[in-house]
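The block underneath contains the structure these notes are about, expressed in structure tokens.
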Amino acid sequence: MSMEPRPRPPADEAQLLARATELAGRPVRTVAERFGLPTPNDLKAHKGWVGQLLEYALGASAGSRAEPDFPHLQVELKTVPVDSQAVPRESTYVCVCPLDGVTLAQGWEASWARRKLARVLFVPVVQRGDEPVGDRMVGAPVFWEPGPDDLRRLKQDWDEITGRISLGELARLDGSVGEVLQLRPKAANLTETTWVLDGDAEWVQTGPRGFYLRRSFTREILARAFG
């Protein structure tokens, strides 16, 4: 079986959408086989593999750099595991949350979260029960750009979360805070730590945190597109 080379970055949004639409309805294993890539039996030791596969298949070029997945288009790719009713199964990772006051003081408009969410291509991946990774189905892509109400809610949550961090309340800040955006632990392993100021202005070690879109919000986004 012939294998296709890695695609070059798409020339424009139309080409990106066409590529993503062409993958819709295909099992994940079929997409991987197209490029000669092995499919893991499960994702316990391969967290993020499905997203990386779709980045590869669609020609994303950002890699691990701090920029959108398709930097020349300013488009971010987000894969969303969903059930057979297109209901998201988990929250969607946005980006790492900076824990230093200088970065946070720059505000929502200058934040990395705002840049990441400026223009997003959501690709649902349908998982029925506990079916194997390779049998999961790539769904129809959805381009999303936050409207005024989306931006208002995102900024409100970002302001509340970062305000609490600035006040040294990180230890008491959990995933229950925020209507559409939440803060959760984000670390490759349990030994990864960073230094922050606590409420007593003392330096303490803590694990890094990341911003995530709540399941209810991504469900809302997909519902707008699919009806």
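The values are calculated or read from the model by the stated rules, or taken from the named source; none is laboratory data. Just so it is clear, the model here is predicted, and its values are computed rather than measured. Positions of Cβ are backbone-derived with ideal geometry, glycine not excepted, and every protein chain shown enters the neighbour counts.
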Matching residues in the stretch 82-93 - criterion: being part of a strand (DSSP E or B) and either surrounded by fewer than 19 Cβ atoms within 10 Å (Cβ to Cβ) or modelled with pLDDT under 95 (or both): 93
Residue in the stretch 152-199 that is modelled with the highest pLDDT, counting only those that are of a type outside the set (S, T, N, Q), surrounded by 18 or more Cβ atoms within 10 Å (Cβ to Cβ) and under 22 Å from residue 47 (Cα atoms): 181
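Quick check on the stretch 107-140: of everything there that is small (Gly, Ala, Ser) and either more than 15 Å from residue 43 (Cα to Cα) or crowded, with 19+ Cβ neighbours inside 10 Å (or both), which residue is farthest from the chain's Cα centre (by Cα)? Explain how you work it out, then say what you get.
Residues of the stretch 107-140 that are small (Gly, Ala, Ser), as a first pass: 107, 110-111, 113, 118, 129, 134, 139-140.
Imposing the further condition that a residue be either more than 15 Å from residue 43 (Cα to Cα) or crowded, with 19+ Cβ neighbours inside 10 Å (or both) reduces the set to 107, 110-111, 113, 118, 139-140.
Values: 107: 21, 110: 19, 111: 16, 113: 10, 118: 13, 139: 16, 140: 17 Å.
Looking at the filtered set, the residue picked out is 107.
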Residue that is surrounded by the fewest Cβ atoms within 10 Å (Cβ to Cβ) [pool: residues in the stretch 23-61 that are in contact with a strand residue (DSSP E or B) (Cβ under 9 Å, 6 or more places away or on another chain) and among the charged types (D, E, K, R)]: 26
Neighbours by Cβ (under 8 Å, 6+ apart or cross-chain): first from the stretch 7-28, within 14 Å of residue 73 (Cβ to Cβ) and of a type in the set (D, E, K, R); second assigned to a helix (DSSP H, G or I) and modelled with pLDDT of 95 or more: 19/57; 19/58
